[in-house]
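The values are calculated or read from the model by the stated rules, or taken from the named source; none is laboratory data. Keep in mind that what you see is a predicted model, and the values were worked out from it rather than measured. Methodologically, a virtual Cβ is constructed for each residue, glycine included, from the backbone with ideal geometry; neighbour enumeration extends over all protein chains shown.
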Amino acid sequence: MEKKCLFLIIIATMTLSSLFCMSCTSDDEDRNNDEIVTPDNPNHLPNGTYVEGEGYYYDGSYYGIDSDGNVWYLHSSYQAITNVTIPEKVVLMGKTYTVTHMMDHALSGSKQLTTVNLPCTITYLGESVFTGCDNLTNINLPEGITTIRLYTFHGCKSLKSIALPQSLTTISNYAFQGCEQLSSITFPPSLTSIGQEAFRDCNGLDTVIIPEGVTYVGLDAFRDCKNLTSISIPSSMRSYLTPFTGCDAITSVNISCWFVAGFGNKVTNVVLNEGVTTINGNAFKDCKNLHFVEFPSTIFEIGPNSFQGCTSLTSIVFPENFCWIYDRAFYDCHNLLSVTCLGATPPSFPDVSGYPAFDPETQENGILYVPSALVDTYKSANGWRDFKNIVGI
């Protein structure tokens, strides 16, 4: 019963959520009752003093203790705070506690905050902990943190770098949205998911390498990252919800996952690795500088308009097991004059809109190369018979 009473020493209105981090600091037991006289302690509160509706005061910040004995960093006592160092340990009511959690919104809206030092004991960051910290430039998150929650760094427009811990598994929705100056980010191999709009409007990013092990990237995860030029997507991806919409500067794509979609029209270099099975409609539409694409043996479906308008594309080779090619997949590819199809059975053209998969100029002036024994088969097959020149190889 006595332990339960400790709990809401936090605040009645506060919702337990999360907090912050850096490198371990030294034990401060010798200062448990020191009188702190600083701009952030105008009332000259001794460390460990409990203030109704605030929590326990300690070195310019307030802390709370929950019913399990976890100590939460609640908020700073100083409105115009420029730097925060959260200690590894605090002394409250004469007892030493380890700080492990940061409350939701603990430092949100601290527009003058530039530096945060977190102890290695922090394992939990609450939602929106740093939302709107306009001048925060960099931060290191300690090992032990597994989740970056909703809106954690949302709108931190000066954030240039962040070190993600090797323990991290989840980056939640909107976590880094609007971090305009974030120039690079290295995802740890432990990561498994990146949430919806997690990095939207991060215009400083130029390269994104999603590590093997990530199975989910949410809708618009990297939307409108205007300077993003290079992306790499692993084979582990199982849910792929067009995360790169509006990333119009992408020129290099390296994909190993089963599904390919949506990269803007600046793409010049495409690597489709083994394991890719489906190219979605419009995936590379109007990529006028795409000169070459090699399809892996696993590809079996190319969606409508997927390469439409790729006017620099001159040749393509479909592997043996290729099955489906949809309307206008290679329409307006005026320079595509060499098409090789190695399938023992001519791939099918599903009749969706009535438009052919290939441009009339390709069918009229290009050459379709097929296995020698199947020339007559292709000459009578729907869609393929429209090629005027079919040659055995």
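Just the residues that are under 12 Å from residue 148 (Cβ atoms), of a type outside the set (Ser, Thr, Tyr) and not in a loop (DSSP other than H, G, I, E, B), please, taken from segment 170-214.
Correct list: 171, 194.
Considering each residue of segment 309-334, count those that are closer than 21 Å to residue 252 by Cβ and either in contact with a Pro (Cβ under 7 Å, 6 or more places away or on another chain) or of a type in the set (S, T, N, Q) (or both), and give that number.
Matching residues across segment 309-334 total 4.
Return the only residue of 315, 338, 297 being modelled with pLDDT of 95 or more, over 19 Å from residue 387 (Cα atoms) and of a type outside the set (D, E, K, R).
On the way: 315 fails: over 19 Å from residue 387 (Cα atoms); 338 fails: over 19 Å from residue 387 (Cα atoms).
When all the criteria are applied, what remains is 297.
Determine which single condition residue 74 fails, assuming it passes every other condition in (1) in contact with a Phe, Trp or Tyr (Cβ under 6 Å, 6 or more places away or on another chain); (2) within 27 Å of residue 192 (Cβ to Cβ).
Failing condition for residue 74: (2).
Quickly run through segment 237-249 and pick out the residues that are in contact with a strand residue (DSSP E or B) (Cβ under 6 Å, 6 or more places away or on another chain) and crowded, with 16+ Cβ neighbours inside 10 Å.
From segment 237-249, those in contact with a strand residue (DSSP E or B) (Cβ under 6 Å, 6 or more places away or on another chain) are 239-240, 243; that's our starting set.
240, 243 - these are the residues of segment 237-249 that are in contact with a strand residue (DSSP E or B) (Cβ under 6 Å, 6 or more places away or on another chain) and crowded, with 16+ Cβ neighbours inside 10 Å.
Anything in segment 290-313 that is in contact with a Ser or Thr (Cβ under 6 Å, 6 or more places away or on another chain) and either at positive phi or assigned to a strand (DSSP E or B) (or both)? List them, or say none.
Within segment 290-313, 301 is the sole residue that qualifies.
For segment 364-383, state whether one or more residues are farther than 23 Å from residue 257 by Cβ, of a type outside the set (Phe, Trp, Tyr) and within 36 Å of the chain's Cα centre (by Cα).
First, the residues of segment 364-383 that are farther than 23 Å from residue 257 by Cβ: 364-383.
So of that shortlist, the ones also of a type outside the set (Phe, Trp, Tyr) come out as 364-368, 370-377, 379-383.
Going one step further and asking which of them are within 36 Å of the chain's Cα centre (by Cα), we end up with none.
Within segment 364-383, not a single residue is farther than 23 Å from residue 257 by Cβ, of a type outside the set (Phe, Trp, Tyr) and within 36 Å of the chain's Cα centre (by Cα).
Looking at residue 306 and the list (1) farther than 20 Å from residue 291 by Cβ; (2) crowded, with 20+ Cβ neighbours inside 10 Å, which single condition is not satisfied?
Going through the list (1) farther than 20 Å from residue 291 by Cβ; (2) crowded, with 20+ Cβ neighbours inside 10 Å, residue 306 breaks only (1).
Restricting attention to segment 138-158, which residues are of a type in the set (A, V, I, L, M) and either buried (at least 24 other Cβ atoms within 10 Å of the Cβ) or in a loop (DSSP other than H, G, I, E, B) (or both)? Talk me through it step by step, then tell me what you get.
Filtering segment 138-158 for residues of a type in the set (A, V, I, L, M) gives 139, 141, 145, 148, 150.
Scanning segment 138-158 gives 141, 145, 148, 150.
Collect the residues in segment 101-131 that are in contact with a Pro (Cβ under 9 Å, 6 or more places away or on another chain), closer than 12 Å to residue 70 by Cβ and touching a residue at least 40 places away in the same chain (Cβ under 8 Å), keeping them in residue-number order.
Residues of segment 101-131 in contact with a Pro (Cβ under 9 Å, 6 or more places away or on another chain): 118-123.
Then drop every residue that is not closer than 12 Å to residue 70 by Cβ, which leaves 121-123.
Of everything in segment 101-131, those that are in contact with a Pro (Cβ under 9 Å, 6 or more places away or on another chain), closer than 12 Å to residue 70 by Cβ and touching a residue at least 40 places away in the same chain (Cβ under 8 Å) turn out to be 121, 122.
Matching residues to (1) at negative phi; (2) at pLDDT below 95; (3) of a type outside the set (Phe, Trp, Tyr):
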| position | (1), (2), (3) |
| --- | --- |
| 155 | no, no, yes |
| 159 | yes, no, yes |
| 169 | yes, no, yes |
| 174 | no, no, no |
| 178 | no, no, yes |
| 181 | yes, no, yes |
| 184 | yes, yes, yes |
| 189 | yes, no, yes |
| 195 | yes, no, yes |
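Among the residues of segment 263-286, is there at least one that is small (Gly, Ala, Ser), closer than 19 Å to residue 202 by Cα, surrounded by fewer than 18 Cβ atoms within 10 Å (Cβ to Cβ) and under 20 Å from the mean Cα position of the chain (by Cα)?
Of segment 263-286, the ones small (Gly, Ala, Ser) are 264, 275, 281, 283.
Cutting the leftovers down to closer than 19 Å to residue 202 by Cα gives us 264.
Checking the rest, the ones that are also surrounded by fewer than 18 Cβ atoms within 10 Å (Cβ to Cβ) come to none.
No, there is no match, as no residue in segment 263-286 is small (Gly, Ala, Ser), closer than 19 Å to residue 202 by Cα, surrounded by fewer than 18 Cβ atoms within 10 Å (Cβ to Cβ) and under 20 Å from the mean Cα position of the chain (by Cα).
Does residue 213 count as on the phi > 0 side of the Ramachandran plot and either crowded, with 19+ Cβ neighbours inside 10 Å or at pLDDT 95 or above (or both)?
yes
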